[in-house]
Each structure stands twice: as C-alpha cells, then as structure tokens.
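Encoded as structure tokens, the structure appears first; notes follow it.
Derivation of every value follows stated rules applied to the coordinates shown; laboratory data play no part. What you see is a predicted model; the values in this text were computed from it and never measured. Cβ: placed from backbone, ideal geometry, glycine included. Neighbour counts: every protein chain shown.
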Amino acid sequence: MSQYEIAVVIGSLRQDSLNRKLADALVRLAPTEFSFKQLTIGDLPLYNQDDDANPAESVKRLKRDIAAADGLMFFTPEYNRSLPAVLKNALDHASRPYGQNAWAGKPAGVLGVSVGATGTALAQQHLRNILAYLDVPTLCQPEAFIHAKEGLFDPSGNIGEGSKKFLQNWMDRYVDWVKKHTA
C-alpha cells in the first residue's frame, strides 16, 4: 500500500479560522494511507523578486515542504471577493524564481468556508486561475463552496451529519485525483 503526503495550505492566519476548522475536520475523512501537513505561510516575507537569489529560510522551508508532498489541498477564505494576500504571497514565493515552480504538477483540491451563502466561490475561482497558470492539476468537481451554518461541525469538531455525505464524497474524489496523478 502506498502512502500519500498532502500539503495543506490554509489561506487564513486567524487562530479560530473557519477554514482551519474545516481542514482539521476534513482530513479525518481521508483513508489511512493519506497523511496531511499544514504548511506555515504566515512568516513569509512579502514577495520581492530581488530576493529570488537569496530567499529567506521560511521560503526555503515552504518549497521543501511542497517538494515532499504528493498532493496539495487549499482552504481559502474570501477577502473582498478574492483570495487573501497571505495565500497569494505563498503562491508567488513557491513559484519563483522563474523555472523553479515548486507547485508544478502537484494534484490539488480547493475548498473554502464562509459565513456568506455563496461560500468562497469567487476566491476559489481566482485561486483556480492562478493554479492553472502554475501547472497545478486541480480537481474540478465536486466544487465545495461551504456555507458555515449551524451543524457544519459537531461538538467534537468533526464534520456534522448534514454535511458529512457531501464532504466525504469530495474527499473520495480528491483521493482518486491524487492517486491518478501520482501513478
């Protein structure tokens, strides 16, 4: 049986982030041969092309963590109808300098949760556009625009019964996606 290491990128720095809660709960739906590592992106300096020749240690760590992963899972909030700056900054750092894109070829899944009824639809679309340019094969269906409402999480922090079937289906499709692209 193969083991799959998945790099989890959460586009929110907030400790009580809904997207962090979703990431923590969703990984519990994965099969045992999948393990998950949340990447640290809050300590990255702002991207500056002048630093490409001598990147900060935090940037080197991010690129090593991505290189070690078999797949990627992105959880993005929606800020002003787009993705958060901290997430864009991480995408830029790990894709540079030109020709040294750490993201390329890594199969990805994109999700997000928000208190708004449309979830994080626009942020996810912007993220998908960037990932397409970065040569990241991204699971297209099912889309997961999660509305944070009563019962999304149970008292233990797991996915609540009302959303479990949908999110288990998403995870099953993601697992197949990663296996297909790493075969």
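Out of the DSSP beta bridges found with both residues in the range 4-182, what percent are antiparallel (nearest 5)?
10
Select from the range 7-88 those GluC sites (Glu not before Pro) which occupy a DSSP coil region and have at most 16 other Cβ atoms within 10 Å, ordered by residue number.
Of the GluC sites (Glu not before Pro), the ones in loops of the range 7-88 whose Cβ has at most 16 other Cβ atoms within 10 Å are Glu33.
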Ordering of 101-107, 119-125 by packing [mean C-beta count within 10 Å, highest first]: 119-125, 101-107
Simple label model, 7 Å out from Cα along Cβ direction - Ala148 to Ala183, nm: 3.8
Radius of gyration and Dmax over the Cα atoms of the chain, both given in Å: 15.8, 50
Average Cα contact separation per residue, the range 4-182, under 8 Å, 6 or more apart, as relative contact order %: 24
Sorted by Cβ density within 10 Å, fewest first, the residues Met171, Met73: Met171, Met73
Where a label projected 7 Å from the Cα of Ser58 along Cα→Cβ would reach, residues of the range 1-36 with amide N under 14 Å: 12-14
Pairwise label distance in nanometres, Asp16 with Arg81, each label 7 Å out on the Cα-Cβ vector: 2.9
Charge dipole (the range 4-182, unit charges on Cβ, about Cα centre) - positive-most of Ala85, His147, Gly112: His147
Estimated inter-spin distance, Ser35 and Asn129, nm [label 7 Å along Cα→Cβ]: 3.8
Set of lysines with alpha-carbon distance to Lys88 below 23 Å, sequence-local pairs under 8 removed: Lys21, Lys37, Lys60, Lys63, Lys106
Relative exposure of Lys164, Lys63, judged by other C-beta atoms within 10 Å (fewest first): Lys164, Lys63
Loop-located GluC sites (Glu not before Pro) in the range 97-183, at most 16 other Cβ atoms within 10 Å (DSSP): Glu143, Glu150
Size of electric dipole in the chain: Cβ of Lys, Arg +1 and of Asp, Glu -1, about Cα centre, debye, nearest 20: 200
Sequence-distant residues sharing a close amide H with Ala102 (under 5 Å, placed H): Ser95, Arg96
